[in-house]
Amino acid sequence: MSDAEPELTEAQRVEALWSRVPYHQYARVVAPAAAHLVDAADVTADDSVLDVACGTGNVAITAARRGADVTGIDLNGDMLEWAQENADLIDAEIAFERGDATDLPVGGGYDVVLSSFGHHLTSDPVTATEELVRAADPGGTVAYTAYALDGVVGDAYDALADYHPRGDDVVKPFYWGDAEFVENRFADLFEDLEFDRGEVHMHGLSPTHMVEHTLDISGAIRTPFEQATDQDALYDEWVDVASDYFADNVYTIEYLLVRGTV
Ligand SMILES: C[S@@+](CC[C@H](N)C(=O)[O-])C[C@H]1O[C@@H](n2cnc3c(N)ncnc32)[C@H](O)[C@@H]1O
């Protein structure tokens, strides 16, 4: 997803997207999805685990609490600092390293390779998917979560496409949250592929509050919004989209969980 200027390197793009927002506030919202992912991958104390685009450490720390030997990789320095602070709080020993998910600075051999709302948000999710597979030991497990194409985030990006210089291209990262696309495009990378769905929730007072809050805490929402040709019209459309997923002061964000053996 190239939401910034095309001449930016991937590291600069990630800094521009994610260093301006207090993402650690939102990380709590997706913490249950990290537990879902670690559980689906059946992580045990015997496993070496790689958490790609680890952010503030949700998946890495959840896996470490099962006794696994964990490495977390992210390209954003702020995220890595938050991740280290989170790990230090419970004395979890995790190797957090700076690195690009589209060119992982690791050899193969991990028992489990995971990415939570991470690799599909890089500028090149095809290569990032191949990198997840490359990093895994033969017979190992690769699993990830991605925001569902037919959930609120996919719908919000559909609306964004009408106002963004990149048009329909902005929606592509959410194809990774569509089981049919993943099956058709990537089945040959895996011995087997399984799908599950889940949802996470934000609490608030109205669909408008939800739009405001996500603009505050997500670089993947704020940056493309600022690049939109008509922000007022897009804002109104996003409130309409949010209304479809808001009831009883709870906002529901759906995701796809993909699990494969390599
Ligand atoms: C939505 S956050 C998800 C973070 C975390 N996995 C979680 O579930 O909370 C996306 C993360 O992807 C990271 N990221 C984006 N592009 C990346 C890349 N090319 N290489 C490594 N990390 C990247 C961002 O820095 C950010 O931490």
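The values are calculated or read from the model by the stated rules, or taken from the named source; none is laboratory data. Since the model is a prediction, treat every value here as computed from it, not as a measurement. No Cβ is skipped: glycine too gets one built from the backbone with ideal geometry, and neighbour counts run over all protein chains shown.
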Which of the residues belonging to the stretch 105-124 are surrounded by fewer than 23 Cβ atoms within 10 Å (Cβ to Cβ) and either among the hydrophobic types (A, V, I, L, M, F, W, C) or closer than 25 Å to Gly154 by Cα (or both)? Val106, Ser123, Asp124
Test: Asp39 is out of contact with any helix residue (DSSP H, G or I) (no Cβ under 6 Å at 6 or more places or on another chain), surrounded by fewer than 23 Cβ atoms within 10 Å (Cβ to Cβ) and without any contact (Cβ under 8 Å) to a residue 12 or more places away in the chain: yes
If you check every pair at least six apart or on different chains, which have Cβ atoms under 9 Å apart with a residue in the stretch 59-78 that is on the phi > 0 side of the Ramachandran plot first and a residue that is among the aliphatic types (A, V, I, L, M) and surrounded by 20 or more Cβ atoms within 10 Å (Cβ to Cβ) second? Gly67/Val43
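From the list Thr208, Thr252, Thr223, Thr229, which residue is under 30 Å from Val43 (Cβ atoms) and either touching a Ser or Thr at 6+ places or on another chain (Cβ under 7 Å) or of a type in the set (S, T, N, Q) (or both)?
Exactly one of Thr208, Thr252, Thr223, Thr229 is under 30 Å from Val43 (Cβ atoms) and either touching a Ser or Thr at 6+ places or on another chain (Cβ under 7 Å) or of a type in the set (S, T, N, Q) (or both), namely Thr252.
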So is Val14 surrounded by 18 or more Cβ atoms within 10 Å (Cβ to Cβ), at pLDDT below 95, within 7 Å of the ligand (Cβ to nearest atom) and not in a loop (DSSP other than H, G, I, E, B) or not? yes
Of everything in the stretch 51-72 that's more than 13 Å from the chain's Cα centre (by Cα) and hydrophobic (A, V, I, L, M, F, W, C), which residue is surrounded by the most Cβ atoms within 10 Å (Cβ to Cβ)? Ala60
Going by the structure shown, is Asp100 surrounded by 22 or more Cβ atoms within 10 Å (Cβ to Cβ) and among the acidic types (Asp, Glu)? yes
Residues of the stretch 93-122 being more than 13 Å from Asp51 (Cα to Cα), touching a strand residue (DSSP E or B) at 6+ places or on another chain (Cβ under 9 Å) and more than 10 Å from the ligand (Cβ to nearest atom), in sequence order, are Glu93, Gly108, Gly109
Looking only at residues in the stretch 126-154 that are in a helix (DSSP H, G or I) and in contact (Cβ under 8 Å) with a residue 60 or more places away in the chain, which one is surrounded by the fewest Cβ atoms within 10 Å (Cβ to Cβ)? Val133
I'd like the full set of residues that are outside any strand (DSSP E or B) and over 18 Å from Ala11 (Cβ atoms), limited to the stretch 105-119. Gly107, Gly108, Gly109, Phe117
Output for Cβ contacts, cut-off 9 Å, separation at least six or different chains, first residue more than 14 Å from Leu121 (Cα to Cα) in the stretch 9-20, second more than 7 Å from the ligand (Cβ to nearest atom) and not polar (S, T, N, Q), reads Gln12/Ala4; Gln12/Glu5; Ser19/Gly77; Ser19/Asp78; Ser19/Gly219; Arg20/Gly219; Arg20/Arg222
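Restricting attention to the stretch 17-35, and to residues there that are in a loop (DSSP other than H, G, I, E, B) and surrounded by fewer than 19 Cβ atoms within 10 Å (Cβ to Cβ), which single residue is modelled with the lowest pLDDT? If you could, list the steps in order and put the result at the bottom.
Our first condition is that a residue be in a loop (DSSP other than H, G, I, E, B); within the stretch 17-35, this holds for 19-22.
If we keep only those that are surrounded by fewer than 19 Cβ atoms within 10 Å (Cβ to Cβ) as well, we get 19-20, 22.
Details: Ser19: 84, Arg20: 79, Pro22: 89.
Among them, the one singled out is Arg20.
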Of all residues in the stretch 52-78, how many are within 9 Å of the ligand (Cβ to nearest atom), within 20 Å of Leu132 (Cα to Cα) and not polar (S, T, N, Q)? 11
